[in-house]
Amino acid sequence: MKLSAFGEKFAGESGIVELMDDLGTALNENPDMIFMGGGNPGRLPEVEAIFQKRLEQVMADSSQRHSLFGIYQSPQGDVEFRTQIAEFLKKQFGWKLSANNIAISNGSQSAFFVLYNMLAGAMPDGSHRSIHLPLAPEYLGYGDIGLTENFFTATRPSIELFDNHLFKYHIDFSQLSINEQTAALCVSRPTNPTGNVLTDDEIAHLDELAQKKGIPLIIDGAYGLPFPNILFNDAKPHWNENTILALSLSKLGLPGARTGIVVANEEIIQAYTSANTIVSLACGNLGPALAKELFKTGEILTLTRDYVTPFYRERSQQTVRWFQKQLGDLPYHIHKPEGAIFLWLWFEGLPISSQALYERLKKRGVLIVPGQNFFVGMDDDWTHKNECIRVSYAQDEDTVQRGVKIISEEVAKAYEEA
């Protein structure tokens, strides 16, 4: 089979394809595999009960049931759902928006494919523009999403070390490179993979820089504000006419519903909707059907405050303690956990690559994600990129604790062999 340039790019190997393939293969081949690599959320019985109740209500109403299964929604998404989201955001934060500022996607990954390629790549005048990531490492799912080469650029972070083997990345504004070829700035908040939460001042500074250049600031809030609010420190949601805010229902406990939410100015939403019609035809109905009442009543806030945020805060703190105990005096650092559902571990001077460590751990029955996949847009030979791994702590406590022990054993073995 002869593939086009598109086919060679998107049918080839990539970090996100390897991650999802490994998750599927391991699930089929080894039911005892410890999954500490993927982004599946933890199971929260109280949250599952809320969605179950809502689904039962939908199924008991013939009109709602028909809307769920029997009709196409607009490619911009269910208008009632978009209205509820807009009213919620306007009431809570005073944002001046309406349903026309909201679009729904079949998951945030597909939304980013459309948004990024709308803004960057080959331009009509023959020039080329790129998406700039002000803080590396960033989400590996961005890496191969562009239709052209050199689609991303990134700025190397500064590193602050703390006691108890903790550290934190910061945006190095002195090195931030924004030029005429920059189409947009994009950050995830909390950052996937590190759990870093950019401060309100950092977001304000990025917004100021973006507005001066006349380019959008894209905030990937899949784990963040205002929902699912997997944050462990104080931060404020941010949106204005120059911001594209991407949200998701996945980390509330609905990854299978594939429901992303884009909040932007009407011009961007209209362009996105046209492109999404071609790519997806229409959006799925399940996520909006389950979640619209949460926004209408404001229950989305109590759900996150009472169940989602406390669960991940407690689990992150516990997993850090387990690693600190198991890793002892090895030369390791854990990124200060400020949000999301991962820990980011840096093994300074690791004698093997993070990819080799990943392969060793897979043989031991533990799946993590090697760190080099997350340094999207960075082509330099920074050794730090091969010394890091991403670890999820979303599974049950016993499983996570067993995984921590095996990871620590393999890391210790790697240093001993050097």
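The values are calculated or read from the model by the stated rules, or taken from the named source; none is laboratory data. The model shown is predicted, which means the values in this text are computed figures rather than measured ones. In this analysis, Cβ positions are derived from the backbone assuming ideal geometry, glycine residues included, and neighbour counts consider all displayed protein chains.
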With the checklist (1) crowded, with 24+ Cβ neighbours inside 10 Å; (2) over 20 Å from GLN92 (Cβ atoms) in hand, flag the one item ILE219 doesn't pass.
-> (2)
Pair list, Cβ < 6 Å and 6+ apart or interchain, from region 206-225 residues that are within 17 Å of GLU241 (Cβ to Cβ) and at pLDDT 95 or above to residues that are of a type in the set (Gly, Ala, Ser) and surrounded by fewer than 24 Cβ atoms within 10 Å (Cβ to Cβ) | ILE215/ALA184; PRO216/ALA184; LEU217/ALA210; ILE218/ALA184
Mind telling me which of the residues LEU330, LEU361 ends up being over 24 Å from the mean Cα position of the chain (by Cα) and over 27 Å from VAL187 (Cβ atoms)?
-> LEU330
How many residues, within region 257-278, are within 22 Å of the chain's Cα centre (by Cα) and free of Cβ contacts under 8 Å to residues at least 40 places away in the same chain?
-> 1
If the Cβ limit is 6 Å and pairs must be 6+ apart or interchain, which residue in region 106-123 that is closer than 14 Å to LEU140 by Cα pairs with which residue that is buried (at least 18 other Cβ atoms within 10 Å of the Cβ) and of a type in the set (S, T, N, Q)?
-> SER108/SER248
Quick one: which of LEU254, LEU217 is in the same structural domain as TYR72 (by TED's automatic domain parsing) and within 18 Å of GLN52 (Cβ to Cβ)?
-> LEU254
Checking THR155 against (1) touching a residue at least 40 places away in the same chain (Cβ under 8 Å); (2) touching a Leu at 6+ places or on another chain (Cβ under 7 Å), which single condition isn't satisfied?
-> (1)
Any chance HIS238 is of a type outside the set (Lys, Arg) and surrounded by fewer than 20 Cβ atoms within 10 Å (Cβ to Cβ) = no
Find the strands (runs of 3 or more DSSP E) located wholly in region 64-166 whose residues include 1 or more that are under 26 Å from SER280 (Cα atoms) and of a type outside the set (Phe, Trp, Tyr), and list them.
-> 102-105, 128-133
Counting just the residues of region 250-267 that are touching a Phe, Trp or Tyr at 6+ places or on another chain (Cβ under 8 Å) and on the phi < 0 side of the Ramachandran plot, which one comes out surrounded by the fewest Cβ atoms within 10 Å (Cβ to Cβ)?
-> LEU254
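For every residue, the table says whether it meets (1) under 24 Å from PHE6 (Cα atoms); (2) surrounded by 23 or more Cβ atoms within 10 Å (Cβ to Cβ); (3) β-branched (Val, Ile, Thr); (4) not assigned by TED's automatic domain parsing to the domain that holds ASP381.
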position: PRO124; (1), (2), (3), (4): yes, no, no, yes
position: SER127; (1), (2), (3), (4): yes, no, no, yes
position: HIS132; (1), (2), (3), (4): yes, yes, no, yes
position: LEU140; (1), (2), (3), (4): yes, yes, no, yes
position: GLY146; (1), (2), (3), (4): yes, no, no, yes
position: PHE151; (1), (2), (3), (4): yes, no, no, yes
position: GLU160; (1), (2), (3), (4): no, no, no, yes
State whether the residues of region 339-354 include one that is of a type in the set (S, T, N, Q), modelled with pLDDT of 95 or more and part of a helix (DSSP H, G or I).
-> yes
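Yes/no matrix, rows are residues, columns are (1) assigned to a helix (DSSP H, G or I); (2) surrounded by fewer than 16 Cβ atoms within 10 Å (Cβ to Cβ):
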| site | (1), (2) |
| --- | --- |
| ARG321 | yes, yes |
| GLN326 | yes, no |
| TYR358 | yes, no |
| VAL376 | no, no |
| ASP379 | no, yes |
| VAL391 | no, no |
| GLN395 | no, no |
| VAL404 | yes, no |
